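FYI, it's all coordinate maths here, none of it is from the lab. Just so we're clear, the structure is a prediction, and the values are computed from it rather than from any experiment. Don't worry about glycine lacking a Cβ; one is built from the backbone with ideal geometry, like all the others, and counts go over all protein chains shown.
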Amino acid sequence: MQEEPAQERVDGQRHQHLLVAARGVAPAEGDLAIAEGDKPMVGDRRALGVCTEIAQCVFRPAEGALGVDDPVLAEQSAQPCAKGARFGDMLAGAVEVAIARWEGGLQAGAELAAKDAAALAAVNMNPPSAGCPLSSWPPTNYVGYHQLSPRMMKEGALMSRMHLSFRCLICAFTLLLACIHAPDIWAVDASAVSTERIFFTASIDGADYRLEAMLYYPQDGRKVHPLVVLTHGRNGPNPSPNPRQAEGYRPLSNVLAEHGYEVMMLVRRGYGNSQGPDSEFLDSAEESGLAGAKDVEAAVSFMCTRSDIDCDHIVIIGQSQGGWVSLAASTIPMKGVLGAVNISGAVNFRQGAGLGIRSRAVEDSLKHSASAYGRNAKVPTLWIYAENDNHLPDAVRSWFEAYIRSGGRGRLVIKPAYKDNGHAIVTEPALYIDDIFSFFKEIGFQ
């Protein structure tokens, strides 16, 4: 029986409709891993406000949500707003229709009331709050102000307040229905996945490093799950440290976890809060990818000491520099690893510094690297790129063909152009997740 590694659990969070944080410490000395829960994106505040505030909170990403300069992470932080905005337009229409029907009977005397502005001003009512604006103010749903008694005026004021409250109620109720009945917008069942930030000890080239990772746990009642090790890209030759690196790739991680795969979003040496020097900016593309692959190997070894992992069913996925790292990792014999997925893969390396990303020297170096990886590949691979990636399809096809000619096994998928930056296609899993699941089925990763 496998022994669970000693691990301090500082904070954990389950992604439910009601966010709850649990704290506890498992008894251990010389902990191999320290876990820190993922913090909710919405702070402690009133759950419901006025209708416009609700809409903004639901359909607008938090300003500076990640605070990073990584183009892929920045794209991810903005992505929910694009979907929400489209759906928000539909919601707005539905809300207005509902309100208009209710208001119909109240508008009959609008024209008459509007004629007597002086009498209207005599109505002692405060205007509504800016949060839930009516279509116009002053209110026009009173009949014959100049004929109203004080008692009728009070009743009218009460009716207007009821009208205002009803509008807010419809806004809130419609948005609630949206959260429940919009699977295309909210692609992941929030109660189906929980996350945990951990730090673990990785032994690489005779030295120990404290590496960071975010774990995504399926909440499906099973105690053991197949493992996906997902790893990130790199923001140029000399990237600035991003302390929130582990929080990237949430859309893909959530979708995978919802489908029953435990996901480890690995932060390699020299990135995020992981220890170690920048180990991946070496002379050649081949060397740089293999350096990162050592971190993946250490991560797989660590995760296979845990009792919640099916160590006979593991897949490695990476994006950008992480995609090239996943190809490099496929050359390392690792028990249980069945395949590798390269999403928009490429790599920074010293000989390519200062050259254009599409320069012949850079693309030839990547082609040579792909050939070397294919020659030593141990498992099949899936390559996914968009037509408008940083590297154009012709270059990508030449790398893939070199990989196959030298003995590698794999499939290349070129997706249609993604917005104005195909390199960020990873942010919308719906565009390629079927290709990944098809690959999983082919290699027996289910």
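Please list 426-434, 283-291 highest first by mean number of surrounding beta-carbon atoms within 10 Å per residue.
283-291, 426-434
Show me 355-361, 237-243 ranked by packing, highest mean number of other Cβ atoms within 10 Å first.
Top to bottom by mean Cβ count within 10 Å: 237-243, 355-361.
Tell me, how many Å apart are the Cα centres for region 221-276 and for region 398-415?
A separation of 25 Å, based on Cα centres.
How high is the FRET efficiency from ILE357 to LYS223, r the C-beta distance, R0 41 Å, rounded to 0.05?
0.35
Give me P(r) over region 304-446, computed from all C-alpha to C-alpha distances, binned every 5 Å, as integer percentages.
2, 10, 20, 23, 20, 14, 7, 3, 1, 0
Restricting everything to alpha-carbon atoms, can you work out Rg to Rh for region 190-442 with a Kirkwood hydrodynamic radius?
My calculation of the ratio gives 0.94.
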